[in-house]
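The values are calculated or read from the model by the stated rules, or taken from the named source; none is laboratory data. Please read these numbers as outputs of a predicted model, since none were measured by experiment. Positions of Cβ are backbone-derived with ideal geometry, glycine not excepted, and every protein chain shown enters the neighbour counts. Just so you know, the surface numbers come from the protein's heavy atoms only, side chains and all, with ligands and any DNA or RNA stripped out. Shrake-Rupley method; radii C 1.70, N 1.55, O 1.52, S 1.80 Å.
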Amino acid sequence: MARQTRAQRRARREAQAQNQGGVTQRARARQAQIRPGATPTKSQTGSQRRERGSFFAESWAELKKVDWPGQSQVIQATVVVLIACIVVGVYLYVNDLVWKQVVQKLIGQ
């Protein structure tokens, strides 16, 4: 049996909801929507002040979730950066020498 498309699944759910005499989920979602202008603005000075300890605890928890690179990955990335710096440095040095000669010929020194 072939998989149903999203439109077919929605149509089936709406038909089931109508047969049961209920409101479809889509219609409920439309009714529950609140216009952005109708919601009260939140103050930034706020009644929801967090303690500094919770900030640090949450930060530490997020740092525990990080997939830190291993030593070999760090070494490999460092070597790539150093090689790129050397290549760019040599390119700029040679480019400087060439343009130095061109400018000296144009000015006539």
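Remark: C-alpha extents of segment 52-109 on the principal axes read 69, 31, 9 Å, sorted largest to smallest. The distance between label points at ARG6 and TRP99 comes to 5.1 nm (points 7 Å beyond Cα on the Cα→Cβ vector).
Placing pseudo-labels 7 Å out from each Cα toward the beta carbon at TYR91 and ASN19 gives an inter-label distance of 6.7 nm. Within the straight-line cut-off of under 15 Å between alpha carbons, the aspartates and glutamates reachable from LYS105 are ASP96, sequence neighbours fewer than 8 places apart in one chain being disregarded. Solvent-accessible surface (1.4 Å probe) assigned to LEU82 amounts to roughly 100 Å².
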